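One structure below.
The numbers here are math on the coordinates, done by the rules we state, and not lab data. On a predicted model such as this, the values are computed, not experimentally measured, just so you know. Every residue, glycine as well, gets a Cβ built from its backbone with ideal geometry; the counts of neighbours run over all protein chains shown.
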Amino acid sequence: MERKVTEKKKFLVEVAWETCNQVGGIYTVIRTKVPAMVEKWEQDYLLLGPYFKQTAAAEFEPLAIDVETPVGRAIAWMRAQGMEVHYGNWLITGKPKIVLFDLASLMKEVDIVKGRIWENHKISTLGVEELVNQTIIFGELIRLFLGQLAVENKAKKDIIVHFHEWMASTCIPDLRKEKVKISTVFTTHATMLGRYLAGNVPNFYDVLDTFDWHKEAKHYGIEAQASFERAAAQKADVLTTVSDITAKECVAFLGRIPELILPNGLNIQRFAALHEHQNLHSLYKKRISDFVMGHFFQNQPFDLDQTLYLFTSGRFEYSNKGYDLTLDALEILNRKMKESGSRKTVIMFFITKQPYHSIDPEVLHSRAVLDEIRENCQAIEKEVGEKLFQASAASKDLTLPDLNDFVGEYWRLRLRRTVQTWKTNARPKVVTHLLKQEDDIIRNLHRTQLLNHAEDKVKVVYHPDFIVSTNPLFGLDYGQFVRGCHLGVFPSYYEPWGYTPLECMARGVPTVTSDLSGFGDYMMQIMRDYEQWGVSVVNRKTQNYQESAEQLANLLFKFVQQSQRDRIMQRNRVESIADTFDWSNLRGYYDTAHELAVMKRRK
Ligand code: G6P
Ligand code: 1S3
């Protein structure tokens, strides 16, 4: 007789420190994935995160709890004990339900929780930094919530809880110990030790399996963080990470082979009109050109039609993000362009975050004066246009009047004076801001002498702040800035995934990545002819630093030599494959992880 198998209902909870709290790349993962998750899970989907008043004010809309549901009852139970728990909609595409926990409401108990963690799991948390205390309390609130959710789960749904990164996962060992009826997935988006060691130990990847994780964690003062990460990895039902490269770190530092790799996607926006992305490129390029004129033309005018905008961006991890390699490749590129008599100019933007006092007032001033020159020109244009119109209508013998006669003395002098005061003999600045201290980028620029000399073909703009639309220098948000550029350059040495090249691709901008970044490694696996599609991959696995720098310089030189037609076609090709990374195509990896977790728990 055939036995009828009824599929048990499931409920998915995702937990991240970056739910409704932007710190870095995990925010992008969670936020962009929501529409695809809500499509599958509908009402059976919930996100958990920490409550920070300021971010919540902008992105969170509170809702009344429904005590008929397990989630509502679990929240009511916590509130009854004095904990501040916020429930509502996260105001992003997909509008998911979220629960945010106010850490302050339990902070006074941090020492008790730490004591229990030591008692149960021998994780030492003495003298840790404030962030670790916060993650411990965050974990404790999640433990209480999930424990009660499991009790209230009268419909006996399979509850799957997906934890992202150690900061959201300090409670996994306790949940396991208490046998709370949930299935767990832990995704690590990098390893704590990987981050530190990659930037400090030469040939990190060659010696990866020789490290003593505990000794290194103590050495770098991250014993608590690394221990939480390792415990979460070992106690979760399923361990996953974002790339094969980071999977190797999991083996070395976390003592477990991840069951699955979950590549990162985006919410790819395709336009109905095929060429809309080209139009946007043109529009935003003009805005970047306004900055470039203001910054360089005071002293060094060049042909904007022959100018290419390259950029790199990310947090300030000088060698991990490959800023060192990029700078050294630019020096070679500069030489090659000079030697070949290239007519082109390359402007390379470094967009990162470093402590600064303010935007350099001279940079701001130059930009403002340029705006004034534009206003003068527009006034003259209007005056000439009107007078020309009148003179043409009144003309008897069809001879066109001399346009110069129409420019009044006032505007003529005013324009002349403004341009005169603006022009200078000073070299265009390399840094747009007044940095608090000299850093590795500045030191490298002095060594390579890439300092915006008149004869340089490669000019550098170092912008030590992320780009936001209120920024007076560009007046663009980051996405628009990316669209206006010609090429994104990201030859990272340590990069578990790396969203920056993917963000270029999504906007139809070609990009350079490396085979040590998760994204580059993945591209090489899924697409043989990735170069055809506007993605170049620098070999950092088997080449030494100098060889990689030469390879990058050659790639850039090739790019510089392309015609405008080639560039337009390449942008179309890049944009056409971006769908590969839409979450609707990549969510399947998450589905598999969730099913595996349920199966493991049922066994
Ligand atoms: C887009 C626009 C064209 C423009 C071109 C510039 O394709 O639709 O009108 O000429 O961008 O391309 P470039 O690579 O020189 O910035
Ligand atoms: C991590 O953020 P990061 O920039 O510190 O997670 C990101 C999302 O998975 C990933 O793209 C990145 O490579 C990791 O380093």
Expressed in nanometres to one decimal, the distance between label points 7 Å along Cα→Cβ at LEU274 and ILE577 is 1.9
Residue-ordered couplings for region 175-185, obtained by feeding phi - 60° into the Karplus form 6.51 cos²θ - 1.76 cosθ + 1.60 and rounding to whole Hz (Gly and Pro as x), are 4, 5, 4, 7, 6, 5, 7, 9, 9, 10, 10
The size of the Cβ-based charge dipole (Lys, Arg +1; Asp, Glu -1) of region 549-590 about the Cα centre, to the nearest 20 debye, is 140
GLN234 and PHE52 label points (each 7 Å along its Cα→Cβ direction) are spaced in nm at 3.1
The answer for the net charge of residues other than VAL538 whose Cβ lies under 14 angstrom from its Cβ, with Lys and Arg +1 and Asp and Glu -1, is -4
antiparallel share of DSSP beta bridges within the chain, to nearest 5, in %, is 15
To the nearest 20 debye, region 230-336 has a Cα-centred charge dipole, built from +1 on Lys and Arg Cβ and -1 on Asp and Glu Cβ, of 180
Check: C-alpha center region 154-195 vs C-alpha center region 499-535, spacing in Å is 31
Mean projected area, convex hull of alpha-carbon positions in region 81-128, reported to one decimal in nm², is 5.3
Note to self: C-alpha centroids of region 476-491 and region 29-79 sit apart, in Å, by 33
Quick calc: nm separation of the 7 Å Cα→Cβ label points for ASP305 and ARG374 -> 2.0
Of the candidates THR345, LEU327, THR55, the farthest towards the positive dipole end of the chain (Lys/Arg Cβ +1, Asp/Glu Cβ -1, centred on the Cα centre) is THR55
One finds the C-alpha centres of region 402-475 and region 242-276 to be spaced, in Å, by 39
Log entry: pair-distance distribution for region 362-426, C-alpha pairs binned every 10 Å from zero, whole % per bin is 19, 40, 24, 13, 5, 0
So, relative contact order of region 447-603 in percent, Cα under 8 Å, 6 or more apart, is 16
Spelling it out for VAL458: with amide H atoms placed in the peptide plane at 1.01 Å from N, the residues 5 or more places away or on another chain with amide H under 5 Å from its amide H are VAL346
Taking Cα pairs closer than 8 Å and at least 6 residues apart, the relative contact order of region 362-426 in percent is 46
Given unit charges at Cβ for Lys, Arg (+) and Asp, Glu (-), the dipole magnitude of the chain about its Cα centre in debye, nearest 20, is 820
Of all DSSP beta bridges with both partners in region 1-160, the antiparallel percent, nearest 5, is 40
For the chain, the helices passing both cut-offs (Cα extent along own axis of 27 Å or more, Kyte-Doolittle mean at least -1.0, full DSSP H runs) are 130-152, 276-296, 361-394, 583-602
If the chain between LEU413 and PHE316 were fully extended at 0.36 nm per residue, the gain over the current Cα-Cα distance would be 30.3 nm
Filtered pair list for region 136-286 (Lys only, Cα < 28 Å, 8 or more apart or interchain) has a length of 23
So, relative contact order of region 5-139 in percent, Cα under 8 Å, 6 or more apart, is 22
Protection proxy (average C-beta count within 10 Å per residue), highest first, orders 300-311, 281-292, 137-148, 480-491 as 480-491, 137-148, 281-292, 300-311
Cα-based Rg then Dmax for region 318-467, in Å, read 22.3, 73
When ASP360, ASP397 are ranked with the fewest other C-beta atoms within 10 Å first, the list becomes ASP397, ASP360
proj_area_mean for the chain (convex hull on C-alpha atoms), units nm², value 35.9
The extension gain from ARG335 to THR592, computed as 0.36 nm times the residue separation minus the Cα-Cα distance, is 87.5 nm
